[in-house]
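> Quick one: structure below, then a few questions.
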Amino acid sequence: MTITTTPLEGLFIIKPAVFKDNRGYFLESYNKEKIKKTIQDDFVQDNESCSEKGVLRGLHFQKPPFGQAKLIRVISGRILDVVVDLRKESKTYGQHFKIALNQDNKHQLYIPVGFAHGFVTLANNTIINYKCSDYYNPTSEVSLLWNDKTLNIDWEVSHPTLSKKDLKGLDFSSFNSPF
């Protein structure tokens, strides 16, 4: 398992060792002992979603005291994963990072508290699994507008399928970050 930094401080790409043979493959998707020098979060909840191609979910986060760190991985299919730094004191506040996660590369993305997260699916029946460091709290959930002009994120798809919640996300220029 290797852990790689990104341009956004605290955001890491985790590349598990994959052992393949004629039967298939084996990998260790999570090992607290191996990542504890880099990631100190205790994960308390696992979530899974399945989406058809072109579904965009995000940009979501939970306000303190219910902020969630996440460890994202794709079980089946492909996504473009996007995070936005919402930490006011960060040198990269308001900047975003994108990465392709898929069933072939098996890479994972660790997202600390203080980031908004979203993804768009690039294949049918894409299954995402992610660990969270706090439980879901619907009263603290916030959604930023996925196509906000200030954030200027190229999602690399046109006309994504969105939920009603995501269509009504907050505009980043009038957003006051709680982090």
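The values are calculated or read from the model by the stated rules, or taken from the named source; none is laboratory data. Worth saying up front: this structure is predicted, and the values here are computed from it rather than measured. Ideal geometry is used to build each Cβ from the backbone, glycine not excepted, and the neighbour counts take in all protein chains shown.
Here's the yes/no breakdown for (1) more than 28 Å from residue 26 (Cβ to Cβ); (2) touching a residue at least 60 places away in the same chain (Cβ under 8 Å); (3) of a type in the set (S, T, N, Q):
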| position | (1), (2), (3) |
| --- | --- |
| 114 | yes, yes, no |
| 119 | no, yes, no |
| 122 | no, yes, no |
| 147 | yes, no, yes |
| 151 | yes, yes, no |
| 155 | yes, yes, no |
| 168 | yes, no, no |
| 171 | yes, no, no |
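> Moving on to the next point. So, in segment 91-125, how many residues would count as being touching a strand residue (DSSP E or B) at 6+ places or on another chain (Cβ under 6 Å), among the β-branched types (Val, Ile, Thr) and either surrounded by fewer than 16 Cβ atoms within 10 Å (Cβ to Cβ) or not in a strand (DSSP E or B) (or both)?
1
> Let me ask you something else. Can you name the residue in segment 18-57 that is small (Gly, Ala, Ser) and surrounded by 11 or more Cβ atoms within 10 Å (Cβ to Cβ) and is also nearest to residue 80 (Cα to Cα) among such residues? Show your work before the answer.
From segment 18-57, those small (Gly, Ala, Ser) are 24, 29, 49, 51, 54; that's our starting set.
From what is left, the residues that are surrounded by 11 or more Cβ atoms within 10 Å (Cβ to Cβ) are 29, 49, 51, 54.
Working: 29: 19, 49: 15, 51: 13, 54: 10 Å.
Per the stated criteria, the residue is 54.
> Here's something else I'd like to know. What pairs come out if I take residues in segment 36-62 that are more than 17 Å from residue 133 (Cβ to Cβ) and pair them with residues that are of a type in the set (Lys, Arg) and at pLDDT 95 or above whose C-beta lies under 8 Å away, six or more apart or interchain?
Sorted first by the residue in segment 36-62, then by its partner, the pairs are 49/57; 51/57.
> I need a count of the residues in segment 143-166 that are surrounded by 15 or more Cβ atoms within 10 Å (Cβ to Cβ) and either touching a helix residue (DSSP H, G or I) at 6+ places or on another chain (Cβ under 8 Å) or within 11 Å of residue 96 (Cβ to Cβ) (or both).
8
> Consider residue 26 against the criteria (1) touching a strand residue (DSSP E or B) at 6+ places or on another chain (Cβ under 6 Å); (2) in contact (Cβ under 8 Å) with a residue 40 or more places away in the chain: it satisfies all of them except one. Which criterion is unmet?
(2)
> Is it the case that residue 63 is modelled with pLDDT of 95 or more and of a type in the set (D, E, K, R)? Break it down into steps so the answer makes sense when it comes.
Values: modelled with pLDDT of 95 or more: yes; of a type in the set (D, E, K, R): yes.
When the stated conditions are applied, residue 63 passes them.
> Given the structure, is residue 128 surrounded by 16 or more Cβ atoms within 10 Å (Cβ to Cβ), in contact with a Cys (Cβ under 9 Å, 6 or more places away or on another chain) and within 24 Å of residue 47 (Cα to Cα)? Don't jump to the end; show me each part of the working.
On the way: surrounded by 16 or more Cβ atoms within 10 Å (Cβ to Cβ): yes; in contact with a Cys (Cβ under 9 Å, 6 or more places away or on another chain): yes; within 24 Å of residue 47 (Cα to Cα): yes.
Considered against the rule, which asks whether it is surrounded by 16 or more Cβ atoms within 10 Å (Cβ to Cβ), in contact with a Cys (Cβ under 9 Å, 6 or more places away or on another chain) and within 24 Å of residue 47 (Cα to Cα), residue 128 comes out as yes.
> Continuing with the same structure: If we only count strands (runs of 3 or more DSSP E) wholly inside segment 1-67, which ones have 1 or more residues that are under 24 Å from residue 143 (Cβ atoms) and basic (Lys, Arg)?
Working: elements: 2-5, 12-15, 18-21, 24-27, 45-51, 56-62.
Correct list: 56-62.
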